[in-house]
Amino acid sequence: MIKYYTKAWQDECVRRMQAPEFEAKVKKLNGLFVFRVLDCPDGYDRTMQWTFSSGKLVDVKYAKGVAPWQQLRDEPFSTAMIMRATCPYQMMAALNKGEISPLKALTSPHYKLEGNKALLMQLMPAFNAWNQLCSAVEVTYEYSSEEDEQNEPPAASS
Amino acid sequence: MGFICKNEKLERFDFGFFLPTQVKFGKGKVANLATELQIENDLAEKSTAMLITDRGVAAAGLVDKVLAGITSTATIKAAVVYDSVPSDSDTALVEELASQVQANGIDLIIAVGGGSVIDTAKFVSVLGIYGGKAKDYEGGFMVPGPCIPVIAIPTTVGTGSEVTFIAVAKDKESGLKLPIASPYLYPRMAVLDPEMVVSLPAKLVAQTGMDALTHAIEAYVSTESQPFSDALALKATEMIYDNILAATQHDSDALAKMQIAATMAGIAFTNAPVGATHAISHTVGALYNIHHGLANAIALPYVMEFNLEACPSRYASLARAMGIEERLSDIEIGLRGIELVKELRRKLCIPERFREVGVPTDADTIDKICKLALEDVSMAFNPRKAEMADFRPLIEKSI
């Protein structure tokens with residue numbers, strides 16, 4: 001089974017996000033959205049970057065580094081990003097499982113959201129559709145390595 | 001260097017400011033409402049209005065004033081008058097009113113009242129066009145397009161709803177608050193006529209006025225605060241602090257200034273959303289049916305103390321806007337400002353703790369309030385984020 005927040009998971013999400021009906025739902029998404037997920041169960045920090053143009057996914061990036069991956073954690077927010085979200089793996093997993101609401105995460109000191117919140121609120125219906133698609137991917141949350149996965153890029157040094 | 005803000009650093013380099021609502025202020029504006037509408041191209045042809053209000057407003061004779069105002073020319077007739085909006089309007093009511101809108105071909109909604117009335121009108125403006133249930137539009141930006149225009153005529157000095165893009169109604173099924181937010185919810189026009197607040201009882205001046213002060217203070221310390229909202233929030237803070245006591249004595253000048261300040265605070269917080277005080281008051285209000293302004297007034301100074309360490313310079317600026325002149329540290333000036341708010345609350349005869357208005361003080365109640373308040377959307381904009389362990393002492397103090 002696919003391991004949550006790994007390259008294989010991102011690849012599966014990307015495949016599903018190319019469906020025209022999904023693109024229609026998220027056509028307001030434009031620009032770069034960055035997620036940093038810290039302290040994954042295999043001891044890595046991970047980051048995923050998603051770039052949209054009118055709802056079409058035009059670029060994705062994935063990287064991981066041994067936690068604490070200081071370079072990732074210290075990287076300043078850039079105006080090139082529409083949004084950057086940072087949180088521990090356990091919180092992102094709980095969100096994906098529907099155990100906590102996005103609102104609960106937003107109000108937690110452990111979930112850091114950067115970007116223009118007024119703009120992000122306007123994108124809420126698109127985010128909901130995106131979250132729904134991602135959480136529909138069947139995954140396992142507890143894992144100790146990604147060794148069985150193909151196309152796994154090398155880990156960055158911390 | 002300026003005295004109030006001390007030339008503070010610009011913290012945000014990415015923000016917007018939005019106010020589509022036209023604000024009209026003046027004595028006699030309501031008496032000439034038809035004329036005010038007819039000079040607006042998009043409103044001139046509206047012919048069939050629904051007037052939404054509550055029993056208190058109707059009993060005060062204010063509905064008659066509005067009806068006389070809109071029918072002073074031949075263009076508009078009031079097809080439906082609904083005068084029984086409760087203080088905590090619910091989803092069943094807005095859905096019923098929406099069906100009346102559709103049945104009567106209503107093309108203009110006039111809301112005359114406080115927050116519950118204006119929020120009801122906003123819901124009806126959505127459901128009257130797009131149908132469905134109120135719950136279908138829950139959350140942010142779920143309204144698909146333009147709605148029936150709403151003319152908001154506030155009769156209190158606190159809500160701010162006349163200039164905001166948010167509406168809240170009680171979910172009839174769950175008993176919890178159901179919020180909707182959308183740029184299509186901004187009223188088309190807010191009419192501030194001092195004659196509409198002249199008979200507001202002193203108790204409501206105090207409670208709704210403290211609601212407005214809470215809006216101003218929370219907007220100023222909001223994570224989304226920015227110079228445009230700051231200007232409105234600081235000016236509103238000063239005006240409210242200087243006038244609320246006199247307004248409870250029915251000083252007409254003070255009441256008019258309170259009316260203006262409440263709308264300014266509304267514009268501020270629709271651009272820089274409110275925080276923990278509202279998270280608590282939404283929760284306590286829904287669970288124990290406590291007036292929104294009263295709940296805010298009780299919680300406000302405790303939340304200011306809780307937040308002070310997160311943004312001391314902001315609280316110092318607010319204190320200076322309320323008249324503190326000493327040259328002390330930001331924390332010390334901020335604490336002086338909090339004392340001013342507590343003193344004001346005492347002078348207005350507003351209870352200091354929720355137990356005085358019937359909220360139980362047992363551990364389960366405190367836990368429940370903590371849990372629900374931490375999940376309220378307003379917490380996302382509070383300058384200090386919190387978890388149960390940090391937040392519980394705050395709730396214990398306010399209970």
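The values are calculated or read from the model by the stated rules, or taken from the named source; none is laboratory data. This one's a predicted model, so the numbers in the text were calculated from it and none came from an experiment. Cβ sites come from the backbone with ideal geometry, for glycine too, and all protein chains shown count toward neighbours.
Here are a few things to note about the model shown:
- Residues located in region B:127-142, provided they are among the aliphatic types (A, V, I, L, M) and surrounded by 22 or more Cβ atoms within 10 Å (Cβ to Cβ): B:127, B:134
- Residue match in region B:355-370 (condition: of a type in the set (Gly, Ala, Ser), surrounded by fewer than 16 Cβ atoms within 10 Å (Cβ to Cβ), part of a loop (DSSP other than H, G, I, E, B) and at pLDDT 95 or above): yes
- Filter pass, residue B:389 being in a helix (DSSP H, G or I), crowded, with 20+ Cβ neighbours inside 10 Å, of a type outside the set (Lys, Arg) and within 14 Å of another protein chain (Cβ to nearest Cβ): no
- Complete set of residues in region B:124-171 that are farther than 28 Å from residue B:236 by Cβ, modelled with pLDDT under 95 and either aromatic (Phe, Trp, Tyr) or touching a Cys at 6+ places or on another chain (Cβ under 8 Å) (or both): B:137
- Extreme residue, nearest to the chain's Cα centre (by Cα), among residues of region B:1-43 that are under 14 Å from residue B:150 (Cα atoms) and in a loop (DSSP other than H, G, I, E, B): B:21
- Residue in region B:330-339 that is within 14 Å of chain A (Cβ to nearest Cβ) and either crowded, with 20+ Cβ neighbours inside 10 Å or not in a loop (DSSP other than H, G, I, E, B) (or both) present: no
- Helices (runs of 4 or more DSSP H) lying entirely in region A:22-139 (those with 3 or more residues that are within 28 Å of residue B:229 (Cα to Cα) and within 12 Å of chain B (Cβ to nearest Cβ)): A:102-106, A:117-122, A:124-135
- The condition (being within 21 Å of the chain's Cα centre (by Cα) and within 14 Å of another protein chain (Cβ to nearest Cβ)) is satisfied by just one residue among B:179, B:149: B:179.
- Members of region B:39-62 that are without any contact (Cβ under 8 Å) to a residue 60 or more places away in the chain and touching a helix residue (DSSP H, G or I) at 6+ places or on another chain (Cβ under 6 Å): B:44
- When each of B:43, B:37 is tested for being modelled with pLDDT under 95, crowded, with 17+ Cβ neighbours inside 10 Å, under 23 Å from residue B:182 (Cβ atoms) and away from chain A (no Cβ under 14 Å), the lone residue that passes is B:43.
- Residue within region A:81-89 that is among the hydroxyl-bearing types (Ser, Thr, Tyr), in contact with a Pro (Cβ under 9 Å, 6 or more places away or on another chain) and under 30 Å from residue B:390 (Cα atoms) present: yes
- Scanning region B:6-26 for residues being among the charged types (D, E, K, R) and more than 14 Å from chain A (Cβ to nearest Cβ) gives a total of 4.
- Filter result for residue B:218 (in contact with a helix residue (DSSP H, G or I) (Cβ under 7 Å, 6 or more places away or on another chain), touching a residue at least 60 places away in the same chain (Cβ under 8 Å) and part of a helix (DSSP H, G or I)): yes
- Pairs are defined by a Cβ separation below 6 Å, a sequence spacing of at least 6 or placement on different chains, a first member in region B:231-253 that is closer than 13 Å to residue B:320 by Cβ and assigned by TED's automatic domain parsing to the domain that holds residue B:211, and a second member that is of a type in the set (A, V, I, L, M) and outside any helix (DSSP H, G or I); the pairs so defined are B:241/B:322.
- Residues within region A:22-60 that are surrounded by 17 or more Cβ atoms within 10 Å (Cβ to Cβ), modelled with pLDDT under 95 and among the basic types (Lys, Arg), tallied: 1
- Being among the β-branched types (Val, Ile, Thr) and part of a helix (DSSP H, G or I) is a property that residue B:303 has.
- Meets criteria (small (Gly, Ala, Ser) and either surrounded by fewer than 19 Cβ atoms within 10 Å (Cβ to Cβ) or at pLDDT 95 or above (or both)) for residue B:262: yes
- Members of region B:356-386 that are within 11 Å of chain A (Cβ to nearest Cβ) and out of contact with any helix residue (DSSP H, G or I) (no Cβ under 7 Å at 6 or more places or on another chain): B:371, B:381, B:385
For every residue, the table says whether it meets (1) assigned by TED's automatic domain parsing to the domain that holds residue B:234; (2) farther than 30 Å from residue B:285 by Cα; (3) surrounded by fewer than 17 Cβ atoms within 10 Å (Cβ to Cβ).
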| position | (1), (2), (3) |
| --- | --- |
| B:7 | no, yes, yes |
| B:11 | no, yes, yes |
| B:27 | no, yes, yes |
| B:54 | no, no, no |
| B:58 | no, no, no |
| B:72 | no, yes, yes |
| B:79 | no, yes, no |
| B:82 | no, no, no |
| B:89 | no, no, no |
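- The criterion of at least 1 residues that are among the hydroxyl-bearing types (Ser, Thr, Tyr) is met, among helices (runs of 4 or more DSSP H) falling completely within region B:50-122, by B:91-104.
- Options B:124, B:101; residue that is surrounded by fewer than 24 Cβ atoms within 10 Å (Cβ to Cβ), touching a helix residue (DSSP H, G or I) at 6+ places or on another chain (Cβ under 6 Å) and among the aliphatic types (A, V, I, L, M): B:101
- Within region B:298-313, residues that are within 11 Å of residue B:382 (Cβ to Cβ) sit with their Cβ atoms under 9 Å from residues that are among the acidic types (Asp, Glu) and at pLDDT below 95, at 6+ positions apart or across chains, in these pairs: B:306/B:390.
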